[in-house]
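Asks: Can you keep this structure in mind? I'll have questions shortly.
The values are calculated or read from the model by the stated rules, or taken from the named source; none is laboratory data. Nothing here was measured: the structure is a model prediction, and the numbers come from that model. Cβ: placed from backbone, ideal geometry, glycine included. Neighbour counts: every protein chain shown. All accessible areas refer to the heavy atoms of the entire protein, side chains included, with ligands and DNA or RNA removed. Shrake-Rupley method; radii C 1.70, N 1.55, O 1.52, S 1.80 Å.
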Amino acid sequence: MAKEVVPEEARRRRRPTRQGVVVTQRLIVETALRMLHEHGRDGLTVRRLGVALGADPSTLYRYFRGIDDLTLAIADELIGRAMRGWLPGAPWREDLREVGRRIHTAYLAHPEAAVLTASRVSGRANEIAGDEAILGVLRSTGLPDPDVVRIYQAFVDQALAFAALDAASLALPEAARAADEQVWRATYARLPAETHPNIAALAPLLVARMNDSAYPAALEMLLDSAEASVRRMRGRGEADDA
């Protein structure tokens, strides 16, 4: 049975830990992010978290129902970091581009946490605020609600999917990542045109691009599609007014 989570004020430690700090929900999330960076996903355990906090491992359960609940809080923290300091107000396409890049950058700053959380839906404050802002930008275009939701889903899923994909590469051991990156030059660039004419013709371009993230290009493609929808909608409106 899941343990009952005590409200923040009621669960606040009255005495500092052995390391002289007062445990809070934010401290636990920040410590977990550091542990993920240093030890990977397998290293985030209740016992290790207690050691890192200088507190009894059971302290976690005063703030979270368990590691999965903590994972959702980490997901919400990454979204919060992505959106912190951003306010809408530019043309809608520039607003969405900025939000997409912020999400991608925030997740790649914590690759292990990104892989762990990108597929999760936390339903927490930062996530809800981010969704509200993105939907507001899209509704400002005047698109019908079904188009707003269609583009919103594609936009958010694209940002998180690329964040997870690129973070997974960054989370690899350095030797493995370097070996993967070398494949384009060591293997693909050497394939003969007689057997692989398309790869051989494009080899220099493939070598130059394939180790970089495709997210910026994919984001522009999605924004192009969204802008085309806006133009069609406005064109129909002008035709109806004529």
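Asks: Restricting the stretch 115-164 to residues that are under 19 Å from Gly40 (Cα atoms) and out of contact with any Ser or Thr (no Cβ under 8 Å at 6 or more places or on another chain), which is most open to solvent (accessible area, probe 1.4 Å)?
Replies: So the residue we want is Ser119.
Asks: Still on this structure, I have one more. Could you tell me whether Val23 is out of contact with any strand residue (DSSP E or B) (no Cβ under 7 Å at 6 or more places or on another chain), modelled with pLDDT of 60 or more and surrounded by 14 or more Cβ atoms within 10 Å (Cβ to Cβ)? Give the derivation first.
Replies: On the way: out of contact with any strand residue (DSSP E or B) (no Cβ under 7 Å at 6 or more places or on another chain): yes; modelled with pLDDT of 60 or more: yes; surrounded by 14 or more Cβ atoms within 10 Å (Cβ to Cβ): yes.
Taking the combined requirement at face value, the residue satisfies it.
Asks: For residues in the stretch 130-161 being among the acidic types (Asp, Glu) and either within 18 Å of Ala90 (Cα to Cα) or in a loop (DSSP other than H, G, I, E, B) (or both), which is nearest to the chain's Cα centre (by Cα)?
Replies: Ranking the qualifying residues of the stretch 130-161, first place goes to Asp131.
Asks: Tell me whether the stretch 200-215 contains one or more residues that are surrounded by 14 or more Cβ atoms within 10 Å (Cβ to Cβ), part of a helix (DSSP H, G or I) and in contact with a Pro (Cβ under 6 Å, 6 or more places away or on another chain).
Replies: No, the stretch 200-215 contains no residue that is surrounded by 14 or more Cβ atoms within 10 Å (Cβ to Cβ), part of a helix (DSSP H, G or I) and in contact with a Pro (Cβ under 6 Å, 6 or more places away or on another chain).
Asks: Quick check on Leu78: is it within 18 Å of Phe162 (Cα to Cα), open to solvent by less than 30 Å² (accessible area, probe 1.4 Å) and under 15 Å from the mean Cα position of the chain (by Cα)?
Replies: Yes: the conditions hold for Leu78.
Asks: Can I ask one more? Go over the candidates Pro57, Pro91 one by one and state the one that is at pLDDT 95 or above and more than 23 Å from the chain's Cα centre (by Cα).
Replies: That would be Pro91, the only listed residue that is at pLDDT 95 or above and more than 23 Å from the chain's Cα centre (by Cα).
Asks: Moving on. For residues that are in a helix (DSSP H, G or I), surrounded by fewer than 17 Cβ atoms within 10 Å (Cβ to Cβ) and free of Cβ contacts under 8 Å to residues at least 40 places away in the same chain, tally how many sit in the stretch 82-114.
Replies: Residues that pass the stated criteria total 3.
Asks: So, one more: Tell me which of these Arg236 doesn't satisfy, since it passes every other one: (1) more than 30 Å from Pro144 (Cα to Cα); (2) open to solvent by 70 Å² or more (accessible area, probe 1.4 Å).
Replies: Of the numbered conditions (1) more than 30 Å from Pro144 (Cα to Cα); (2) open to solvent by 70 Å² or more (accessible area, probe 1.4 Å), the odd one out for Arg236 is (1).
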